[in-house]
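The structure appears right after this line, and notes come after that.
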Amino acid sequence: MNIGFIGTGKIASSIIYGIFKSKLKITKIYISSRNRNIAKKLHLKFRKVKICNNNQDIINFSNIIILSVTPQVGLKILNHLSFNSSKTVISLISTIKLHDLKRLIGSSKVCKAIPLPFIENRLGPIIISPKNKVAKKLFSKLGSVIEINNEKTSYSFWSTSSIMAAYYEILNSTTNWLVRKKIKKKIATNYISELFLAYTQDALIKKNLGFKKLVKESQTPNGLNMQVLKELKKVKFYDKFIKSLNNVHKRIKR
Ligand SMILES: NC(=O)c1ccc[n+]([C@@H]2O[C@H](COP(=O)([O-])OP(=O)(O)OC[C@H]3O[C@@H](n4cnc5c(N)ncnc54)[C@H](OP(=O)(O)O)[C@@H]3O)[C@@H](O)[C@H]2O)c1
């Protein structure tokens, strides 16, 4: 299997690292010379990664082509490229809809996927929409695949994937708070990572309980957890959070 990436940025690089940590049988990975530094690093690290000088070569040499450019670049370059109908195209571009993609690349063997950077460590859910056997075979070795046939439904999942930076900012703020209390950065970072990992692992173990019950069970009447939750609700922290999700959703489905 030869895989080609149009656009060698953050997410393409994470997928490639994930592939080489997996048991996938890959003959070659063809990448674009953009971004130059990332492409060079990948080529030096993995001998199966080859850099192509133009996007058409990547398509010609690959069975699976992953579109990993920004929407602006995608709209500019895709209709100038020729995609043979035997190739499977997987688009990671959030805001280009399936019917526009099919029109742009002139092929219908296309699906969209939502991997996230932790795919690098073969972690996390990966949405594929619509169902696609080739994409499933690839991504099921890199994370846990969820297939969604309805594109509109996939936009809702796509919206929730946008909370990653906001989530890490909570970890960052909490760690910085500890550092201001004179705790060494390394110790604070380690403690906060372990704390949030335990929250999430515990939630996963107790997923049948439901998150609402978990929230309830995490509070002692008049205890410290109850105080923080109350204070955040009072300043409409969670309402603002949902408003941001709604705004992202509007942007994706536009
Ligand atoms: N990052 C994520 O977590 C994530 C997750 C899911 C989906 N996505 C989607 O994946 C896409 C890429 O995201 P990203 O975060 O990886 O962005 P990124 O780091 O900015 O990568 C985009 C890459 O495209 C390259 N590029 C620009 N013009 C090009 C051209 N004409 N031909 C080939 N490559 C070109 C850029 O190179 P230069 O640096 O040289 O301009 C850059 O390396 C986006 O559509 C995003 O919505 C991202």
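Table for the structure above
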| quantity | calculated |
| --- | --- |
| Condition check for Ile93: under 30 Å from Ser244 (Cβ atoms), not charged (D, E, K, R) and not assigned by TED's automatic domain parsing to the domain that holds Phe237 | yes |
| Residue identified as modelled with pLDDT under 95 and either in a loop (DSSP other than H, G, I, E, B) or more than 14 Å from the ligand (Cβ to nearest atom) (or both) among Lys152, Lys141, Lys131, Lys137 | Lys152 |
| Any chance Ile58 is near the ligand (Cβ under 10 Å from one of its atoms) and closer than 24 Å to Lys136 by Cα | yes |
| Residue selected from segment 1-24 under the condition of a type in the set (Gly, Ala, Ser) and within 15 Å of the ligand (Cβ to nearest atom), by the criterion nearest to Lys87 (Cα to Cα) | Gly4 |
| So Ile15, is it aliphatic (A, V, I, L, M), touching a residue at least 60 places away in the same chain (Cβ under 8 Å) and in contact with an Asp or Glu (Cβ under 9 Å, 6 or more places away or on another chain) | yes |
| Segment 155-173, residues that are touching a helix residue (DSSP H, G or I) at 6+ places or on another chain (Cβ under 6 Å) and loosely packed, with under 15 Cβ neighbours inside 10 Å | Leu171 |
| Residues of segment 15-45 classified as out of contact with any strand residue (DSSP E or B) (no Cβ under 8 Å at 6 or more places or on another chain) and assigned to a loop (DSSP other than H, G, I, E, B), total | 6 |
| Per-region count, segment 126-143, residues within 11 Å of the chain's Cα centre (by Cα) and either free of Cβ contacts under 8 Å to residues at least 24 places away in the same chain or farther than 26 Å from Ala165 by Cβ (or both) | 1 |
| Any chance Leu171 is in contact (Cβ under 8 Å) with a residue 12 or more places away in the chain, assigned to a helix (DSSP H, G or I) and out of contact with any Lys or Arg (no Cβ under 6 Å at 6 or more places or on another chain) | yes |
| Flag for Leu44 being in the same structural domain as Leu138 (by TED's automatic domain parsing) and farther than 25 Å from Lys137 by Cα | yes |
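Residue by residue, here is whether (1) more than 12 Å from the ligand (Cβ to nearest atom); (2) in contact with a Ser or Thr (Cβ under 9 Å, 6 or more places away or on another chain) holds:
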position: Ile26; (1), (2): yes, no
position: Ile31; (1), (2): no, yes
position: Arg34; (1), (2): no, yes
position: Ser82; (1), (2): yes, no
position: Ser94; (1), (2): no, yes
position: His99; (1), (2): yes, no
position: Ser108; (1), (2): yes, yes
position: Glu120; (1), (2): no, yes
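Residues are listed down the side, and each one gets a yes or a no for (1) surrounded by 18 or more Cβ atoms within 10 Å (Cβ to Cβ); (2) away from the ligand (no atom under 13 Å from the Cβ); (3) over 17 Å from Ile11 (Cβ atoms):
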position	(1), (2), (3)
Val73	no, no, no
Lys76	no, no, yes
Ile90	yes, no, no
Arg103	no, yes, yes
Cys111	yes, yes, no
Pro115	yes, no, no
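The values are calculated or read from the model by the stated rules, or taken from the named source; none is laboratory data. Owing to the predicted nature of the structure, the values given are computational and were not obtained by experimental measurement. All Cβ positions, even for glycine, are placed from backbone atoms using ideal geometry, and neighbour counts span all protein chains on display.
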